[in-house]
Amino acid sequence: MKIVVQIEVFDLGVEVNAMSQGRTDIGAIASFVGLARDMNEGSGVQAMTLEHYPGMTEKVLHDLVEEAGTRWILLDVTLIHRVGRLLPGDPIVLVAVASSHRADAFAACEFIMDALKTRAPFWKKEETAEGERWVDARISDNAAAARWTR
């Protein structure tokens, strides 16, 4: 299991290869990569700065992965979230889940991403032509996370 908050860019291929290296028990790896967009709320975004609460953020991410492991049979998980200043097109987050079967890998990957959006202490500030603005939580993110409530 790899859970990291970092400034540096990540490489999906490198991370997936590291998960499967020498493993013959893995039948599926499902992944999600979130990218910085150039538009939000109807206006252009020139850059975005992501901030987090060090120590607490990593604990929340670890807890999300642990919870996923109680719901599905997982063989490995890589969760990387970037912080700092990002430009449109830059990768922000990677969730990769390995399992024996695709159903568990897909479901756990989606759960981790949905839960991360509502539970992890990250804050986004966008730079636009009109100035800087903090980004509020989306109602759609709360709805996506709510469907996983037991």
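Coordinate-derived values only; no laboratory data. Nothing here was measured: the structure is a model prediction, and the numbers come from that model. Quick reminder, even Gly has a Cβ in these numbers, built from the backbone with ideal geometry, and neighbours come from all protein chains shown.
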- Item | Charged-residue dipole, Cβ positions (Lys, Arg, Asp, Glu), the chain about Cα centre, Debye nearest 20 | 320 debye
- Item | Antiparallel content of DSSP bridges confined to the chain, in %, to 5 | 85 percent
- Message: Let's test the formula: R0 of 30 Å, r as the Cβ-Cβ distance of Q21 and R138. What FRET efficiency results, to the nearest 0.05?
- Response: 0.25
- Eigenvalues of the alpha-carbon gyration tensor of the stretch 10-50, times 5 and square-rooted, give semi-axes in Å, largest first, of 34, 11, 6
- Once the dipole of the chain is set up from charges on Cβ (+1 Lys and Arg, -1 Asp and Glu), the residue from the list T118, I26, V9 lying farthest towards its positive end is I26
- Tell me, how many Å apart are the Cα centres for the stretch 46-116 and for the stretch 124-150? 16 Å
- Using label points projected 7 Å from each Cα along Cα→Cβ, tell me how many nm separate L12 and R147, to one decimal. 2.1 nm
- Item | FRET efficiency for R102 and M39, using Cβ-Cβ distance with R0 set to 41 Å, rounded to 0.05 | 0.80
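Which value at 222 nm does the chain reach when only helices count, each DSSP H run of 4 or more adding -39,500 (n - 2.57), with the total divided by all residues and rounded to the nearest 500 deg cm²/dmol?
-10500 deg cm²/dmol
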- Item | GNM top mover of R82, R102, R133 - the chain, alpha-carbon springs below 10 Å | R133
- Paired Rg and Dmax values of the chain, which use every Cα atom, in angstrom: 15.8, 53
